[in-house]
Every structure is written in structure tokens, then in C-alpha cells.
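The values are calculated or read from the model by the stated rules, or taken from the named source; none is laboratory data. Everything quoted here is computed from the prediction, not taken from an experiment. FYI the Cβ positions are ideal-geometry reconstructions off the backbone, even for glycines, and counts take in every protein chain you see. The protein model used for the area step is the full one, side chains on, heavy atoms only, and it has no ligands, DNA or RNA in it. Shrake-Rupley method; radii C 1.70, N 1.55, O 1.52, S 1.80 Å.
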Amino acid sequence: MSSTSNTISALIIDDEPLAHQIIEAYAKDLDFLTIVGTCHRATQAYSLLSEKEVDLIFLDINMPELQGLDFLRTLERKPRVIITSAFEEYAIESFELQVSDYLLKPFRFTRFLRAVNKVRSELGGAAGASEGTEAREDHLFVKVDRQYRRVELADIHYLESYGNYVKIWTGDSFLLTTRTLSGMMEELPSADFLKIHKSYVVRKALVDYLEGNQLVMKNTQVLPVGKLQRDAVREWVKG
């Protein structure tokens, strides 16, 4: 942690402008985290690291000229590193390089906060900000094709597992994102969403009624209730 203050100084290295925007927006809600520089290529970071004191790097992996992990291997003095990647397959290799955490894009503020709090603890700082005061519980970002799309939680009717994808239903239409249902459940507030089947998660506020082993949504959509989830669904319905 910066010796002159109780603030973590951070550098963003990512070739996606939207990733910069999201991290910078999240950082503004944390008074102990300051973004001191941004780079769109790893090769641009060397001069900045020599000029400024940096406690933490938010590092993408797939970048032009020099890959993120290859860049990390070249550093003699390594700050703390949080990987920010859209690909799960580099996680083991990343942790072998002693990174502090691995954020799978797109990540929500809650997950970001958990990672930064972990770094703060490693640096010997005070307790981090509380996850109970989340600033962005009203939306999430999901990757659709080459874009990161903002989805309001209030617009989600239910989620449907679709192989290696998830359909996010917002009425009669859906967004198809390259995520797993279990992974998305970790990003959704449990107070608002309920898993009713191995392939379905519903927004509680839009459930109309339970009939047998089927849950009927307010738009008349009928969804199955799985055997493993049946008791939990019935307990929730009964209040």
C-alpha cells in the first residue's frame, strides 16, 4: 500500500476501452482505491511503472504485442495483480504466477470489491469496504458476441442454461451470453433470484404461482421445478 497514504494505487492494463470504463467506475466508489494510470497495451506499462508507485495492476490476458501473463513474467518487482479476463482457461496458470485474484469478465461490483478487499488485506491495510453496501445491485454486464451489454436486473424474467451459454430472458426475447448458469448465480443477489431447476433461475418478483412441479410466471410462462430444488422452491413459496 502506498507509503504516504492508506490508498491503493492501481494501474489498468487492458486493450478493451469498456473494461477501463467499468473498472474506473467501480474504483470511484472506493475511497481507498485510486487509478493512477491506464494502458491499452502491456508494452505501454513499463515506463509508467518506472515513474509511479503502483500497488496493484488490473491485468487483461489477451492483448496485442505482449500477452498479459508474459508481461507479468518480465517484471522483476511485481505489484499485486488482479487478472481481468473473459477466458477461464488461464486461471491455473495465473495463480501459479502468484496473482491475488482472477475476475472473469464481465464481473459485477460485488466480485470486484471482494478482489480489491483481498489485495488490501494482503498489503496490510485496514478492513475493506463492506460488501453489504453495494453500489450497483441494479444491473450487470454480460458479454454478447463482442460487446459487453448492460442488463437491468429488473428487466430479467429468468435465466435458462443452454449448453455452454445462458439465455437471459427479458420478456419474449433473450440475450445469449457465454457464461454458465452456476457462474451467473454467483453474480446475482440471492434475495431477488431463485434456482428452480438445474437449467433455470427465476426472478422472484415475477413468479405468479406454483402448481405441482411447475412454476408459472406472471407472463404465463411455465417453467419446470427440478427434484433437487423442489423443497427449496416450496419453502420459498410458503414464505
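Within segment 151-169, the set of residues being at pLDDT 95 or above and among the acidic types (Asp, Glu) comprises GLU160 only. Of all residues in segment 7-63 being free of Cβ contacts under 8 Å to residues at least 40 places away in the same chain and β-branched (Val, Ile, Thr), which is surrounded by the fewest Cβ atoms within 10 Å (Cβ to Cβ)? Among those residues, the one meeting the criterion is THR43. At least 2 residues being under 23 Å from the mean Cα position of the chain (by Cα) is the threshold, and among the helices (runs of 4 or more DSSP H) wholly inside segment 12-75 those reaching it are 17-27, 68-74. Being within 16 Å of HIS139 (Cα to Cα) and either small (Gly, Ala, Ser) or not in a strand (DSSP E or B) (or both), is that true of even one residue in segment 221-239? Checked segment 221-239: no residue is within 16 Å of HIS139 (Cα to Cα) and either small (Gly, Ala, Ser) or not in a strand (DSSP E or B) (or both).
Among the conditions (1) open to solvent by 80 Å² or more (accessible area, probe 1.4 Å); (2) in contact with a Ser or Thr (Cβ under 7 Å, 6 or more places away or on another chain); (3) acidic (Asp, Glu), GLU160 misses just one, which is (1).
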